[in-house]
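Visitor: I am attaching a structure below and will ask some questions about it afterwards.
The values are calculated or read from the model by the stated rules, or taken from the named source; none is laboratory data. Model, not experiment: these values are computed from the prediction. We place every Cβ from the backbone using ideal geometry, glycine too, and count neighbours over all the protein chains shown.
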Amino acid sequence: MSKFKYTEEKEQEFQRIAKKYPKIDAMMLPALWLVQEQEGWVSPDAMIFVADKLNKTPIEVYEFATFYTMFNLKPIGTYHIELCKTLSCMLMGAPELKKFIKETIGIEPGQTSEDGRFHLSEVECQGACGGAPMIALNHTYHENLTVDKLKNIIEGCK
Amino acid sequence: MAADIVKIVSKKFDIPDSHKLEVALKHGAYESIDKLFTMKPEDVTEEVCKSGLRGKGGGGAACGPKWKLMPPIDERPRYLICNGDESEPGTFKDRQIFQYDPHLLIEGIICSCYAIGAHESFIYIRGEYKFFIDQLNNAIDEAYEAGIIGKKVMGKYDYPIDITVHRGGGAYICGEKSALIESIEGKRGHPRLKPHGKECEWFYDMPATVNNVETIASVPNIVQNGYESYTKYGTEKAPGTMLFAMSGPVKNPGVYEMPYGNKMIDVINEIGGGMKDGLKLKAVIPGGASCPILTAEEVEKAYLDYESMWDIGSTLGTGGMMIIPEGVSMVDVAKNLIEFYHHESCGQCTPCREGTGWIDKIIEKVLNGDGSTADLETILDVCETMNGKTVCVFAPAVKDIIKSIVQKYRHEFEAQFKN
């Protein structure tokens, strides 16, 4: 039995979306997104909750959630910096942005700052190649970055 | 020939607030629908066949003949699935449609659903595009509220249409159409084995067609203005236009709609504004990371259409050109791309899962100065071992890009050898 529960609002959203699909199985991605929107991450307990809801076993939800890269399997802090590392961003200065984040926040990819404010993920192509280099900050894209622009963005994170 | 811009899909991109229904309607949105319902569904398909419209997601397969693969209408529901996964490095064109003209996509869905007899459509968008997903959902809500979709189309045509946006979870392979369907069905995005004969796709064992977002957005113009309006652009075998994307150190990176057949170097110099900061062009990956690399010399001879690109040993792919300047190590480029492919291999087929990791390790070894001629031969050997021995074309794509870099820039790999 899972201790996790959707909030009332998320439960309503789940029920609304579920009606759109021919089978409840299709709710795997939407159900996990609702969990992550609510909690910031997808805990094992939440996976059991989703499994119960979709008539799956917890291991099925676990193997699904671990296949897709965007589900956080541990808490990641307040601000999630996703730094694109793929070719166009590499050519246009992503390595300098990574160095700057290491020097100022003190975190490498996969790490969360000690105060829990920032988490850095080095990610593959985000479809923003024309605005390279870029980061997504809590899913908001910031493109055509320089170290100075990134500095301003980080300072704006309260 | 000078590079030219033609705006069919992108004609509302420069209009402020064109994503809003009110603005889109003022600029011609949904004008194709009245004509659509004067036509029989098979006539719509025939018009699209005659237009020569080709899939814009990378493969370039003809759209109309694909629609004809749907079985005759029976009691089963049937589906149109729009592929907006757009995860190919160098490709960022569909996001322009989500951002600037989502109503054109909705209009295209209405036309395409009618042609194939579908009443439900799912738009699969990569999870990273949260902003664009919200933008598109707002447009769909507006379309429902205005009665443009729902139980009737445009409030008067008795043809129910429902549209749902499905957010991906971050997996490049879900851009492959069968992996995309598996993903919506609540499974890992593992591509399916291809059937022996040509047939439609199957969504929960029900007939489905999967088309790229830009392909669907190209349909309203063909319906409204006839196939000749489309075939007057482009080449004989690749009629019409495509949203070409350009990234890397050019003065004007971005997305530009152009007819097929422009000379690549003209596009880079005239539309892209040429290289930035006095840099010199070294190479171009022409249509997303999967396409064999072109040297600067080859770029001079390249034309932007499918057949011309095949003739010079590459592919047009999604039209997402990645520009590489002199001074960049091609070993670094190969390492960056193989890391991408290793990370994104779905893991279903051993040659791909293990091969991408193996090549990654060898290139790392070369970068550390410990490589040898035998290592380069091993890379080429692994490429060939992967090629054609997997369920989908991910592994052949790895072969295409890595082999082309190692062969064309072998001296740069050898220059890293210390012994």
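Visitor: Please specify each residue of the range A:128-139 satisfying the condition of being under 16 Å from A:L91 (Cβ atoms) and facing another protein chain (nearest Cβ under 8 Å).
Guide: Matches in the range A:128-139: A:A128, A:C129, A:G130, A:G131, A:A132.
Visitor: Can you give me the number of residues within the range B:55-80 that are within 20 Å of B:E120 (Cβ to Cβ) and crowded, with 23+ Cβ neighbours inside 10 Å?
Guide: 5
Visitor: Among the residues of the range B:280-298, which ones are of a type outside the set (G, A, S), surrounded by 21 or more Cβ atoms within 10 Å (Cβ to Cβ) and closer than 26 Å to B:Y233 by Cα?
Guide: B:V284, B:I285, B:P286, B:C291, B:L294
Visitor: Mind checking which pairs have a first residue in the range B:110-133 that is within 13 Å of chain A (Cβ to nearest Cβ) and a second that is among the polar types (S, T, N, Q) and part of a strand (DSSP E or B), Cβ under 7 Å, 6 or more apart or different chains?
Guide: Final answer for the pair search is B:F122/B:T164; B:Y124/B:N83; B:F131/A:T140.
Visitor: Is there a residue in the range B:135-157 that is among the aromatic types (F, W, Y), under 27 Å from B:C49 (Cα atoms) and away from chain A (no Cβ under 14 Å)?
Guide: Checking the range B:135-157: at least one residue is among the aromatic types (F, W, Y), under 27 Å from B:C49 (Cα atoms) and away from chain A (no Cβ under 14 Å).
Visitor: Here is a follow-up. Any residue at all in the range A:109-118 that's away from chain B (no Cβ under 13 Å), in a strand (DSSP E or B) and crowded, with 21+ Cβ neighbours inside 10 Å?
Guide: Yes, the conditions are met somewhere in the range A:109-118.
Visitor: Does B:I81 satisfy the condition of being under 19 Å from B:T164 (Cβ atoms), out of contact with any His (no Cβ under 7 Å at 6 or more places or on another chain) and part of a helix (DSSP H, G or I)?
Guide: The answer is no for B:I81.
Visitor: Let me ask something additional. Looking at this structure, is B:Y114 part of a helix (DSSP H, G or I), surrounded by 24 or more Cβ atoms within 10 Å (Cβ to Cβ) and hydroxyl-bearing (S, T, Y)?
Guide: Judged against the criteria, B:Y114 is a match.
Visitor: Just give me the residues in the range B:253-282 being under 21 Å from the mean Cα position of the chain (by Cα) and either within 12 Å of chain A (Cβ to nearest Cβ) or not aliphatic (A, V, I, L, M) (or both), in sequence order.
Guide: Across the range B:253-282, the qualifying residues are B:P253, B:G254, B:V255, B:Y256, B:E257, B:P259, B:Y260, B:G261, B:N262, B:K263, B:G272.
Visitor: Related question: Suppose we filter B:P65, B:P71 for residues that are part of a helix (DSSP H, G or I), in contact (Cβ under 8 Å) with a residue 12 or more places away in the chain and within 24 Å of B:D205 (Cβ to Cβ); which single one remains?
Guide: Exactly one of B:P65, B:P71 is part of a helix (DSSP H, G or I), in contact (Cβ under 8 Å) with a residue 12 or more places away in the chain and within 24 Å of B:D205 (Cβ to Cβ), namely B:P65.
Visitor: May I ask you to verify whether B:L180 is out of contact with any strand residue (DSSP E or B) (no Cβ under 8 Å at 6 or more places or on another chain) and either farther than 30 Å from B:K35 by Cα or modelled with pLDDT under 95 (or both)?
Guide: Taking the combined requirement at face value, the residue does not satisfy it.
Visitor: Identify, by number, the condition in (1) within 30 Å of B:K237 (Cβ to Cβ); (2) part of a helix (DSSP H, G or I) that B:S314 doesn't meet.
Guide: B:S314 satisfies every listed condition except (2).
Visitor: Looking at B:D85, B:D101, which one is in contact with a Leu (Cβ under 7 Å, 6 or more places away or on another chain) and surrounded by 24 or more Cβ atoms within 10 Å (Cβ to Cβ)?
Guide: B:D85
Visitor: Still on this structure: Could you tell me which residue of the range B:292-310 is farthest from the chain's Cα centre (by Cα), considering only residues that are within 19 Å of B:A62 (Cα to Cα) and among the charged types (D, E, K, R)?
Guide: Here the residue is B:E307.
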